[in-house]
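First comes the structure, then the notes that go with it.
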Amino acid sequence: MTLETRTLGHDEGPAVVVAEPERAQDRYANHYTDLSRQVKESGLLRRRYAYYWVKMSLTGGTLTAVGAGFGLLGNSWFQLLLAGVLAVVFAQLAFLGHDAAHRQIFSSCRANEWAGLINGTLLGGLSYAWWQSKHTKHHANPNKQGTDPDVASGVLAFTPDARAQKRGLAAILVDRQGYFFFPLLLLEGLNLHAHSVMRLFGRAPMKRRWWEVGFLAVRLGGYMTALMLVLPPGKAAAFLGIQLGVYGLYMGCAFAPNHTGMPIVPPNLKIDFLRRQVLMSRNVTGGWLIHFLLGGLNYQVEHHLFPNMPRPNLRHVRPMVKEACATHRIAYTEKSLLSSYRIVVHYLNNVGLAARDPFGCPLAAQLRSPI
């Protein structure tokens, strides 16, 4: 007997996956192969060099213009407006670094690495190697406990198990973490830079370590020097605070809708690739403006299925993916940006509520039941 794959709790947390018996999963492995063959034949995996050269040139040009404006304004409180603009430019550079890490820009691995190092590290200020390592683990097992670093326990708890480990004030805050989520993102910029620096001086092997050390030293050191030369200490601190705060908020708001509130996968569960990527991902509707603001992450389902597909091609592959999901009865999730944020807040608050009661996994119960 074949059981239908379905999801529980897309709009409520914590969510779980109700999956097929393992013997059925073997038959489903070819579903992605068929879709992949169709996509390759469509030519949508071919590189979009003109798009990316224009994108990188315009982003770099905007960064140069902001730098020139910063120098011309001098000691002025209007600099704080530029701080917000600069945060948006840095986020766009981070999106380019993300695309390079997925080999979306060039066909050559070496060219993509240097595109990531220049856009993401030298200009954007984040360690390319740290980001690539962390993000690769996420893509391999999205929303899987114990494997996906994006749902690991930290300040926030994304699973009832993580909430159960909290004590004292941390537990009280986690029970209401959905309301604190967006204010906490104001610190995410500082957190990202701190992890980048720590990765450089860690013991883990790291490709092009000294290039990254040099690039980050130029980027972070040069930035701080420019602030201190142009602005008095108080205004420099305000500029830096606004830039980091807006940057962290922007980055968090871009990545949060992708998976938060989607099903959480138990550590011992194996799911075929197509369902693993589709069921744990959420698209965001909204047209070209949302596509620009989210750096292409609004097509999260398609991006997870074809991570090396150039950003502008994701919208073209969407109809193929939706058709395949409909054919194989796989839930394909799309929400507006505001609806996604409501789900994120609701889910995070419900993680704390669920942890106060015994949490039984419906998926585990089904797999233990006789078929």
Could you compute the FRET efficiency for Ala238 and Leu169, with r as their C-beta to C-beta distance and R0 at 25 Å, rounded to 0.05? 0.30
Based on the Cβ-Cβ distance from Ala226 to Leu289, what FRET efficiency comes out when R0 is 30 Å, to the nearest 0.05? 0.45
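In the chain, which helices (entire DSSP H runs) extend 24 Å or more along their own long axis, judged by Cα positions, while averaging at least 1.0 on the Kyte-Doolittle scale?
Numbers: long enough: 22-42 (32 Å, -1.83); 49-73 (36 Å, 0.80); 79-101 (32 Å, 1.62); 209-230 (31 Å, 0.93); 233-259 (40 Å, 0.64); 337-355 (28 Å, 0.87).
Within the chain the helices that satisfy the rule are 79-101.
Once R0 is set to 25 Å, what does the formula 1/(1 + (r/R0)^6) return for the Cβ-Cβ distance between Ala217 and Val155, expressed as a FRET efficiency to the nearest 0.05? Provide the component values of the computation, followed by the final result.
Values: r = 28 Å, r/R0 = 1.13.
Once rounded, the FRET efficiency stands at 0.30.
With charges set only on the Cβ (+1 for Lys and Arg, -1 for Asp and Glu), what does the dipole of region 286-357 come to about its Cα centre, in debye to the nearest 20?
80 debye
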At 7 Å along the Cα-to-beta-carbon direction for both Ala140 and Val88, put a label point, then send me their distance in nm to one decimal. 3.8 nm
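Want the number for Ser336 to Ser36: 0.36 nm per residue separation, take away the alpha-carbon distance, what's left?
Numbers: separation 300, 0.36 × 300 = 108.00 nm, distance 2.72 nm.
That pair, Ser336 and Ser36, stretches by 105.3 nm at full extension.
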I want to make sure I understand the PRE zone here: with the label point 7 angstrom from the Cα of Leu73 toward its beta carbon, which residues in region 219-259 have backbone N atoms less than 16 Å away? 224, 226-247
What is the set of long-range amide H partners of Ala152 at a cut-off below 5 Å, with H atoms built 1.01 Å from backbone N? none
Quick one: how many lysine pairs does region 6-368 have with C-alpha atoms less than 18 Å apart and a gap of 8 or more or different chains? Give me the count, please. 7
Cα extents of the chain along the three principal axes, largest first, in whole Å? 72, 55, 41
Residues whose placed amide H lies under 5 Å from that of Lys144, excluding near-sequence neighbours: Val265
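We did not get these values from a lab; they are worked out from the coordinates using the rules stated. Worth saying up front: this structure is predicted, and the values here are computed from it rather than measured. Every residue, glycine among them, receives a Cβ derived from its backbone with ideal geometry; neighbour counts consider all protein chains shown.
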